[in-house]
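The values are calculated or read from the model by the stated rules, or taken from the named source; none is laboratory data. Keep in mind it's a predicted model, so treat the numbers as computed, not measured. Cβ sites come from the backbone with ideal geometry, for glycine too, and all protein chains shown count toward neighbours.
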Amino acid sequence: MKLFTITTLMAAGLCITFASCNNQNAHNTTQTQSMDTIQATPSIKSAEVIYTANGKQCNGFIAYDENRKGKQPIVVIIPEWWGLGDYVKSRARQLAGLGYFAIGADLFGDGKTAATPQEAMEFTKPYYTNPELTKPAVEAAIAKAATFSQADSSRVAAIGYCFGGFVVLNAAKLGAPLKAVVSFHGGLGGVQPKKGAIQGEILVCQGGADQFVPETERAAFKKSMDSVGTHYTFIEYPGAMHAFSNPGATALGEKFKLPIAYNAAADTASWKDMQSLFQTALK
């Protein structure tokens, strides 16, 4: 989530004996291929991990399917301005169920989370003031994930929510080694992109009724990306407000008098759009 000042689209005539044998061979081939590709029943393992980023000890959170064969692409998750809480951990488990090695990053240090918007502004201010901090924060999480044998550090994506969207977009613009980047209702300001710096595909999932990211900011983002020939996809979900992907957003909005709310349709659609990107970018 930004500070308070704080769009689209899967032989006739042959003898019976020969045919019978041929069909049997085809059946056997299909059966063998199926056995090769079947994965064991998912078993999601999760744990807290400690690492260092921007001079701080960080309490991250990993989740992966310990029964899945082969190495799993890494997906870094950057939280909303509330910090690394239950919401991001649930997203990490979801990603693990899809076959990714997920790591929720701690950008505030020592696992701190914000209880109020005022605390959230205090914790996120260093990144908004100096967006250069976003790249090392993301890269430190990647490095930690890469220490696990299940993780494939050659295939890395990053997703972010609200403040986290601001972080992943800026890390990408600064050249972080990301094959895919997805911002969910994220801030679109920060550093200007440089030609050739962005290494992967960019997907921006924005609420059509997001009051924290006005049309002027959206237009400026698109213009800056177009100016350096960066390929990106920008999707707006009609009627969706800020924080539309978080089921707890409506209650938080009511509690703190913020224009945020959950939108199930936008949440489902954006998650599917993310998966479509990952299926091509992380294959």
(Q) Would you confirm, using the coordinates I've provided, whether Ala171 is in contact with a Lys or Arg (Cβ under 7 Å, 6 or more places away or on another chain), surrounded by 21 or more Cβ atoms within 10 Å (Cβ to Cβ) and part of a helix (DSSP H, G or I)? (A) yes
Q | Residue list for the range 188-237, restricted to those being within 29 Å of Lys257 (Cα to Cα), of a type in the set (Val, Ile, Thr) and assigned to a strand (DSSP E or B) | A | Val204, Ile235
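Residue by residue through the range 67-92, note down the ones that are among the charged types (D, E, K, R) and exposed (fewer than 14 other Cβ atoms within 10 Å of the Cβ).
Our first condition is that a residue be among the charged types (D, E, K, R); within the range 67-92, this holds for 68-69, 71, 80, 86, 89, 91.
Scanning the range 67-92 gives Lys69, Asp86.
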Q: Return the pairs, sorted by first residue and then second, in which the second residue is modelled with pLDDT under 95 and crowded, with 20+ Cβ neighbours inside 10 Å, the first residue lies in the range 127-156 and is over 17 Å from Ala92 (Cβ atoms), the beta carbons are less than 8 Å apart, and the residues are 6+ apart or on different chains.
A: Tyr128/Lys2
Q. With the range 37-99 as the region, which strands (runs of 3 or more DSSP E) entirely inside it contain at least 2 residues that are among the aliphatic types (A, V, I, L, M) and under 20 Å from Cys162 (Cα atoms)?
A. 72-78
Q.
Which numbered condition in (1) out of contact with any Gly (no Cβ under 7 Å at 6 or more places or on another chain); (2) surrounded by 18 or more Cβ atoms within 10 Å (Cβ to Cβ) is the only one that Gln211 fails?
A. (2)
Q: Please work out if Thr233 is closer than 24 Å to Pro117 by Cβ and surrounded by fewer than 17 Cβ atoms within 10 Å (Cβ to Cβ).
A: no
Q) If you scan the range 254-272, which residues turn out to be of a type outside the set (Phe, Trp, Tyr) and surrounded by fewer than 19 Cβ atoms within 10 Å (Cβ to Cβ)? A) Glu254, Lys255, Lys257, Leu258, Pro259, Ala264, Ala265, Thr268, Ala269, Lys272
(Q) Residue pairs, Cβ under 9 Å, 6 or more apart or interchain, first in the range 226-238 and closer than 15 Å to Ala281 by Cα, second at pLDDT below 95 and not in a strand (DSSP E or B). List them. (A) Thr233/Thr8; Thr233/Leu9
